[in-house]
Amino acid sequence: MSPGKRRKVRLTPMQGAVLRMLEEAGEENPPTVLNTLRAAHADQSNEEFAQAVRLALGGLYDLGFITLSRDEERPNQRWMPVPPEDIPRILSISQVVRWDDRGYWRWDDCQAGPYRASLALTEAGRWALSA
C-alpha cells in the first residue's frame with residue numbers, strides 16, 4: 001500500500017501501538033517490542049499478549065507496513081534483509097523469544113538462530129499512521 005493509493009486502513013489497537021513505537025524508535029528487536037508494549041496490556045496473560053503481538057506483526061508485515069532486517073555481525077554492523085524462509089519464524093515471536101524469570105521477554109538463544117532480527121517501519125507504515 002503506497003501513499004499514491006490513498007485508502008484508509010483500519011488497524012487493530014495493537015497494530016497501531018506497534019507502528020507508533022517503531023515510528024519513535026526507528027527500529028527495534030522483537031523482545032524490546034514485547035517489553036515496551038507489555039505494561040499497557042497488563043490485564044492479559046503472557047500467552048494472550050504474545051498472541052496479540054504475533055497477529056499484529058503478521059498483519060503489519062503482510063500490509064507492507066513493517067520490514068525485517070538482520071545484523072550480519074560484521075565489524076561495520078550492516079543490516080541486511082531477513083531471508084524469506086526465516087520471516088515466519090521471526091514473526092511467530094514464540095520461536096525467537098522467551099519469558100524469563102525476571103519478568104522480561106528475552107531472545108531465546110537456542111531458537112533465535114544465527115542472527116538477531118529487527119523490525120522497522122516502512123514508508124507505507126508511516127503513511128498509515130498519518131492517514
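Just so you know, all these numbers are worked out from the coordinates, no wet-lab data involved. Please read these numbers as outputs of a predicted model, since none were measured by experiment. Here the Cβ positions follow ideal geometry from the backbone for every residue, glycine too, while neighbour counts run over all protein chains shown.
Of note:
- Long-range HN-HN contacts of V97 with modeled amide H, under 5 Å: D108
- With Cα atoms as the point set, segment 13-130 shows a radius of gyration and Dmax of 13.7, 42 Å.
- Two-site FRET efficiency, R126 against T12, from Cβ-Cβ distance with R₀ of 25 Å, rounded to 0.05: 0.90
- At full extension, M80 and D101 could sit 4.4 nm farther apart than now, given 0.36 nm per residue minus the alpha carbon distance.
- Extension gain, S94 back to N35 (0.36 nm per residue minus Cα-Cα distance, nm): 19.9 nm
- Dipole magnitude of segment 13-130 about its Cα centre (Cβ charges: Lys, Arg +1; Asp, Glu -1), debye to nearest 20: 100 debye
- Under 5 Å between amide hydrogens, built in the peptide plane, is the criterion, and for I66 it picks out Y61, T122 among residues at least 5 positions away or on other chains.
- For segment 88-103, backbone phi angles converted through the Karplus equation (6.51, -1.76, 1.60; θ = phi - 60°) give residue-by-residue couplings of x, 5, 5, 5, 5, 6, 4, 8, 10, 10, 9, 8, 9, 5, 8, x Hz, Gly and Pro being listed as x.
- Using just its DSSP H runs of length 4 or more, each adding -39500 (n - 2.57), the chain gives a mean residue ellipticity at 222 nm of -12000 deg cm²/dmol after division by all residues.
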